[in-house]
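This report refers to the structure that appears directly beneath it.
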């Protein structure tokens, strides 16, 4: 059923998108647009938060104090990115707590790359170089995405991500100038991460169900295959500069779907970790709310006492 | 119009926040050479070995506590707290780097020997190639993490002590220590403020949070006197106008803690100090069982690659 | 499960004297004092001398006549949809 009012609203929305303008939180939007945005932004936010784990795993073992500081700051940035993105999602009427519960319940996804283990310190570099590099290819176009709060979050995130990629590359380049063992570590890490990183762009266009509508809405601006090709082109000369060999680009999409559906080597571990932090923190969050309330109550009592005294 | 009026960043909220881009990305703790440009001459009449030992004490406190705080990363009660704890850990890593570098510059003899041609810098040789008995931190820094109440209590106690110490250390005759103290002062003031606020919140939040907080305080209290006990190194350097005798901090830290405890409506525990072994404690290199495990984890990659470049 | 989610705050930062406070984002905090601390940690990396304002999102009254959604009164309404407004759909596997 479509009323004249609905048609007007739809026309207004379409005109905004067509003009390349941003949709803002108080604008009317089609239900499908909102649902797609919530799903995409939440998935992106969850990826940042779950993505803290593989690298966070190495903070306490970082082999130099400078690297320890860089890694801790980087993982901290990821918490910040998750926070900005959850905030963008909250402008659509979903709370962070709801989204976290959906993540823990397995009802919302995150990037499959984080379901692979980080097994050596070289992985810290490889994740920065390839995983953050792939993320940047995906994310830079999103700075111009049609939903205002999402685009604004992405501008700041992309700025920080470019440092993440550079620090990853710099760590690998430094290790390549080190010992034979270090060079072997770097190559082994690149061998493990190359194909999962290419899969970060999503299934081939022929298998991607949501691409067309998302592009029409200006939520997504390039197809999966376009972005993947661009990334491969960008990365080849960087690999040559490092002196590592990239594996071939034949991707096993059965493996991809297995990992997406929760069958990755670390899938259960990542969710359990997030759930533990959320559950273990409940008493702290409750205590802070109770304290804030008692301060408000205490103030109210003092005010009424003062008024009593004035009378 | 001047160029300034045309500044395209005029409306950017971040325009004035950036020292430089790398600062934004990694913070101050990631400098290549933390003591760059400083005069590292040991002041007249000061024993370089003692100065190095003193810097290791303060540097190891920061390094070991930062390790425990960094263990919270991705485990904190909420994202905002995760970020706050990481900030504190980063500040402490930065302080540790300055102090370990100062120790190495004052007396290269404290730096463990590495294979010929190893590119490992002195600060990392000190952090990653010393045995637990060579660490000089107080034991409170190293005990394993408990819950969030335990961590907030520990940060409150250690930062209350450290802030009082750094305030006095800004007047050190060693200009490097004085500069390090001046920089750390603002950071540690923030740590103390943050932890005190949480201490009061948890004490007066729910029955559960109060119960946990009291358990945490009782667990840590026996480790508190060690911070105020004077080690011979501290006594000598205080006499030389370079260091601080922690015993002299007693009145001030008591006053601060009493203020927080009163706001939290919590009694000061009446518990004896944790014993050492024949009088030896953390400052003497006599630690809890936890430190050797902590170092096993912290040092594992560095030690596997003594000629490695990172 | 009961909710103990902290309220949402909007954060405004003036990075140097002579500039306006600019909205930089939002965060959660149990109360105003904690919101300020969180804002320093999250949005300014604790740079010195930065002026920060925080305000609870539900304390802001908004008017934007060109944003037409029947969900909102044209003026004098909330900035955002209320968190319980929207039922989250279960996701389908998708990248």
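Values quoted throughout were computed directly from the atomic coordinates according to the rules given, and no laboratory measurement underlies them. Here the structure is a predicted model, which is why all the values come from computation and not from measurement. Every residue, glycine as well, gets a Cβ built from its backbone with ideal geometry; the counts of neighbours run over all protein chains shown.
Relative contact order, percent, of chain A when contacts are C-alpha pairs under 8 Å separated by at least 6 residues?
It rounds to 19 percent for chain A.
Can you tell me what share of the DSSP beta bridges in the protein assembly as shown is antiparallel? A percent to the nearest 5 is fine.
About 95 percent, rounded to the nearest 5.
Let a ≥ b ≥ c be the square roots of the eigenvalues of the Cα gyration tensor of segment A:141-210; is it rounded (a/c under 1.5), or, if not, prolate (a/b larger than b/c) or oblate?
Verdict is oblate for segment A:141-210.
With the contact rule set at Cα under 8 Å and sequence spacing of 6 or more, what percent relative contact order holds for chain B?
Worked out over chain B, it gives 22 percent.
For residue A:295 and residue A:31, what is the calculated FRET efficiency with R₀ set at 30 Å and r taken between the beta-carbons, to the nearest 0.05?
0.15
Within segment A:238-273, list the residues whose amide N lies under 11 Å from a label point set 7 Å along Cα→Cβ of residue A:206.
none
Classify chain B as rounded, prolate or oblate from the Cα gyration tensor: take a ≥ b ≥ c as the square roots of its eigenvalues, call it rounded if a/c is under 1.5, otherwise prolate when a/b beats b/c and oblate if not.
Rounded, since a/c falls under 1.5.
With a ≥ b ≥ c the root eigenvalues of the C-alpha gyration tensor of segment B:209-301, is it rounded (a/c under 1.5), prolate (a/b larger than b/c) or oblate?
Taking the square roots of the gyration eigenvalues as a ≥ b ≥ c, segment B:209-301 is oblate.
For residue B:173 and residue B:278 in the same chain, what is the full-extension length gain: residue separation times 0.36 nm, less their Cα-Cα distance, in nm?
My answer for the length gained is 34.4 nm.
Tell me the label-point distance for the pair residue C:61, residue A:8, using the 7 Å Cα-to-Cβ offset, in nm and rounded to one decimal.
Placing both labels 7 Å along Cα→Cβ, they lie 2.5 nm apart.
With just the Cα atoms of segment A:99-172, tell me how far they stretch along each of the three principal axes, in Å, largest first.
Principal-axis extents of the Cα atoms in segment A:99-172, largest first: 36, 31, 14 Å.
Let me see the pair-distance distribution of chain A: every alpha carbon pair, 10 Å bin width, integer percents in order.
Per 10 Å bin, starting at zero, the Cα-Cα P(r) for chain A comes out as 5, 23, 30, 21, 11, 6, 2, 1, 0 percent.
Suppose each label sits 7 Å from its Cα in the direction of the beta carbon; what would the residue B:248-residue B:267 distance come out to in nanometres?
With each label point 7 Å from Cα toward Cβ, the separation is 3.5 nm.
Compute the projected area of the convex hull of the Cα atoms of the protein assembly as shown, averaged over all viewing directions, and report it in nm² to one decimal place.
With every direction weighted equally, the projected area is 37.0 nm².
In whole Å, what is the distance between the alpha-carbon centres of segment A:237-311 and segment B:139-218?
The distance from the Cα centre of segment A:237-311 to that of segment B:139-218 comes to 24 Å.
How high is the FRET efficiency from residue A:272 to residue A:221, r the C-beta distance, R0 41 Å, rounded to 0.05?
Computed FRET efficiency for residue A:272 and residue A:221 comes out at 0.70.
What ranking do B:143-154, B:48-59, C:52-63, B:88-99 get when scored by the average of other Cβ atoms within 10 Å per residue, highest first?
B:88-99, B:48-59, B:143-154, C:52-63
Quick one: go through segment B:64-100 and flag any residue whose amide nitrogen is under 20 Å from the point 7 Å out along the Cα-to-Cβ line of residue B:118.
So the set is B:64, B:97-100.
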